Amino acid sequence: MSEELPRAGAEAPGEILYSERWTIRGGDFDHGGEVAAAVKSTLRQFAVAPEVIRRLSIANFEAEMNVIMYAEEAVLELQVLPDRARVTLADRGQGIPDIGLAMQEGWSTATPEMRQRGFGAGLGLPNIRKNCDEFAIESTVGVGTTLRYGVRFPL
Amino acid sequence: MDQNEHTILFDAERCIGCVACSVACPTRAIRVRHSLARLKPELCIDCGACVEACAYEAARARTSSPSDLQRFRYRVAIPSLTLYAQFGRDVHPAQVLDALTRLGFESAYDLSWMSETLGQATDAWLTESRGPWPKISVTCPAIVRLIQIRYPELLPNLIPLESGRELAAKMLRRRLTAEHGLAPEDIGIFFVTPCTAIMNSILAPVGLDRSHFDGAFALNELYGPLLKAIKQGGPGDPDARISARGVMWALAGGMTAGMRNANTMTVHGMRDVQFVFDRIEAGKFQSVDFIEAWSCPDGCVSGGLTMEGRYAAQRAIQHLVKRLGEQDHPVKEEKVRAMLREHFFDLEEEIRARESRSAARDLREAIAWKKERAALLARLPRKDCAACGAPDCATLADDILRGEASLDDCVFLRIARLEGRGESEERKR
């Protein structure tokens with residue numbers, strides 16, 4: 001099942017100037033947020049506009065915590081194109097049965113334990129979409145979920 | 001003021017060229033070359049971690065000296081609230097202030113009331129401000145500088161209200177000018193500082209064109225003479241009233257303890273601060289109104305220029321707060337609101353990002369640099385031994401890229417070359 005949410009030319013092809021990958025492990029709450037911080041540090045070295053970094057970091061943090069809470073393992077790939085930064089996050093995990101539902105604010109399957117840690121408010125995916133210029137999600141139950149989102153550089 | 005001016009000095013006579021300071025530095029601002037530690041001014045935030053780490057007293061703070069007092073006709077001291085925690089539980093702040101007047105100051109003023117006033121001003125300001133949230137206090141100068149170089153995205157979160165110490169000095173100069181008929185430049189106002197960060201905020205202020213202080217003395221340098229003066233002196237001004245709420249500011253958590261707003265957080269210690277700031281940048285903690293952040297592990301009582309141990313100092317402050325008891329004269333809310341309307345608390349200047357290292361011209365060049373840096377790092381042993389003088393291999397790679405070091409600085413690579421082994425063999429071993 002998939003849902004494309006076209007927000008400004010989702011599939012703009014372009015030259016990939018740089019790419020880097022990180023692995024995120026499910027259940028690894030102790031290191032939660034480190035990949036998002038590493039991506040941020042990379043983008044900062046590229047002198048990307050603070051606003052772009054801020055928006056993409058919010059998306060990355062949400063996406064990373066989703067993997068930690070629900071999936072087994074994921075690879076996050078950052079691609080830097082001349083006009084945007086894009087992230088593809090492919091996880092191996094339980095998948096999302098109803099993406100439409102998961103995209104609704106406040107809808108969450110978080111366990112009480114996760115909520116105790118301050119997560120599971122049901123704002124993860126909506127928050128990613130809200131902060132990005134492109135967003136696409138694809139999921140197969142029992143296999144995993146692939147997210148693709150990106151933020152354009154200001155002209 | 002020159003933001004590249006710093007309080008930390010390295011004494012070439014004492015420095016043995018070990019790398020303790022370089023490794024301890026949270027912003028990787030120190031390199032050891034030819035057995036001498038050197039500061040990269042564009043990266044230093046004057047937190048004082050190097051001063052604490054140095055076992056040879058080679059990393060020192062540049063503070064005022066007694067001769068600086070001679071420049072003024074009328075000399076005043078405003079001590080950090082931490083000073084009240086240095087002499088055990090039985091010494092009252094009034095005795096400490098009195099003792100200062102016997103060390104070359106015409107008078108000494110208490111900071112606790114201004115701290116309480118600023119706490120109330122912060123409360124009032126928060127109710128009327130807009131995002132981004134959470135708001136972050138500017139009281140700890142090392143935190144402000146950390147944000148300038150590492151977290152420029154958080155600059156809009158800083159509360160644009162000046163620190164209590166600067167406000168106290170500003171008010172005092174006005175008062176002394178009016179009451180004693182002195183010219184403002186005849187008055188020398190000196191802070192007694194528990195740390196290098198505040199010292200530097202006086203030397204090279206941020207958010208302010210020129211500090212309201214004329215200098216600062218290191219608390220640990222005044223300690224001996226003060227202790228003697230306290231022992232010889234009397235009970236001090238019996239009418240001296242100290243604000244219990246204000247005194248709490250010497251401790252991490254003390255700012256928020258006296259505030260009405262309960263939706264706050266206290267973060268202390270450089271590591272924890274960076275952990276939290278990373279998350280704020282990622283959009284977390286937006287439901288928090290106010291963050292009190294300190295670079296030192298327990299707030300100012302654990303500053304690098306203090307004498308009393310941090311645990312004993314905490315107990316002394318807590319004891320003092322109990323002893324002062326319930327305040328019968330809290331700072332009046334209407335007065336604080338009037339001062340806010342008059343912009344008394346406002347920062348004079350916007351706090352801007354500090355360009356820490358030369359930036360690439362464009363995205364493509366920046367990416368080329370990053371790839372080059374990664375290639376350099378792959379050739380280095382990644383033991384982070386710091387023997388080259390940079391704190392870790394990644395920093396050495398960065399320095400090589402900037403032409404400030406070479407691969408030959410790495411002892412492992414040098415040994416491999418001397419033994420006629422290739423780098424790749426060395427890497428396998």
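Values quoted throughout were computed directly from the atomic coordinates according to the rules given, and no laboratory measurement underlies them. Just so we're clear, the structure is a prediction, and the values are computed from it rather than from any experiment. Glycine also receives a Cβ, built like all others from the backbone with ideal geometry; neighbour counts cover every protein chain displayed.
What FRET efficiency, computed as 1/(1 + (r/R0)^6) with R0 = 51 Å and r the Cβ-Cβ distance, is obtained for B:Glu419 and B:Glu42, rounded to the nearest 0.05? Can you show the working numbers first?
On the way: r = 38 Å, r/R0 = 0.74.
So the FRET efficiency works out to roughly 0.85.
So for each of B:99-106, B:139-146, B:204-211 I average, over its residues, the number of other beta carbons within 10 Å; can you give me the resulting order with the highest mean first? Before the final figure, lay out the partial values.
Working: B:99-106: 19.6, B:139-146: 25.6, B:204-211: 17.4.
Going by the mean number of other Cβ atoms within 10 Å, highest first, we get B:139-146, B:99-106, B:204-211.
Here is the list for the range B:13-51: trypsin sites (Lys or Arg not before Pro) lying in DSSP coil, each with at most 16 other C-beta atoms within 10 angstrom of its C-beta, are B:Arg14.
If I model the range B:275-360 as equal point scatterers sitting on the Cα atoms and use the Debye formula, what is log10 I(q)/I(0) at q = 0.19, 0.26 Å⁻¹? So the normalised log intensities are -1.19, -1.12. Taken over chain B, the ratio of Cα radius of gyration to 2.2 N^0.38 Å equals 1.07. Geometric descriptor of the range B:364-428, per residue, is 77 Å³ (volume of the convex hull of the Cα atoms). For the range B:116-165, dividing the convex hull volume of the Cα atoms by the residue count gives 66 Å³ per residue. Shown for chain A are the DSSP H helices of 24 Å or more along their axis, judged by Cα atoms, with a mean Kyte-Doolittle hydropathy of at least 0.0: A:50-70. Evaluated on the range A:37-155, the Kirkwood hydrodynamic radius is 14.6 Å, with distances taken between all distinct Cα atoms. As a size descriptor, the averaged projected area of the C-alpha convex hull of the protein assembly as shown was calculated at 30.7 nm².
Ordered by packing density, taken as the mean number of other Cβ atoms within 10 Å over each peptide's residues, highest first, how do B:123-131, B:398-406 rank? Please report the intermediate quantities before stating the final value.
Details: B:123-131: 12.9, B:398-406: 16.0.
Ranking the peptides B:123-131, B:398-406 by packing returns B:398-406, B:123-131.
So if R0 is 30 Å, what FRET efficiency would B:Arg337 and B:Asp237 give, r being the distance between their Cβ atoms, rounded to the nearest 0.05? Could the numbers behind the result be given before it?
Working: r = 30 Å, r/R0 = 0.99.
The value I calculate is 0.50.
By DSSP, the beta bridges lying fully in the protein assembly as shown are antiparallel in about 65 percent of cases.
Over 20 Å between Cα atoms, which of A:Lys40/B:Lys284; A:Lys40/B:Lys371; A:Lys40/B:Lys370; A:Lys40/B:Lys40; B:Lys170/B:Lys322 qualify? Display every interim value, and only then the final one.
On the way: A:Lys40/B:Lys284 15 Å; A:Lys40/B:Lys371 16 Å; A:Lys40/B:Lys370 14 Å; A:Lys40/B:Lys40 24 Å; B:Lys170/B:Lys322 30 Å.
Pairs exceeding the cut-off: A:Lys40/B:Lys40; B:Lys170/B:Lys322.
Backbone amide hydrogens, once placed in the peptide plane, bring B:Ile136 within less than 5 Å of B:Leu158, B:Ile159, B:Ile291, excluding anything fewer than 5 places away on its chain. When the Cα atoms of the range B:146-197 are aligned to their principal axes, the ranges along those axes come out at 46, 22, 15 Å in descending order.
I need B:Cys385, B:Cys21, B:Cys300 ordered by Cβ neighbour count within 10 Å, fewest first.
Numbers: B:Cys385 15, B:Cys21 26, B:Cys300 30.
Least to most surrounded, the residues fall as B:Cys385, B:Cys21, B:Cys300.
Partner shielding of A:42-55 amounts to 4, given as the average count of beta-carbon atoms from other chains within 10 Å of each residue beta-carbon. The distance from the alpha carbon centre of the range A:26-94 to that of the range B:218-281 is 38 Å, rounded to a whole number.
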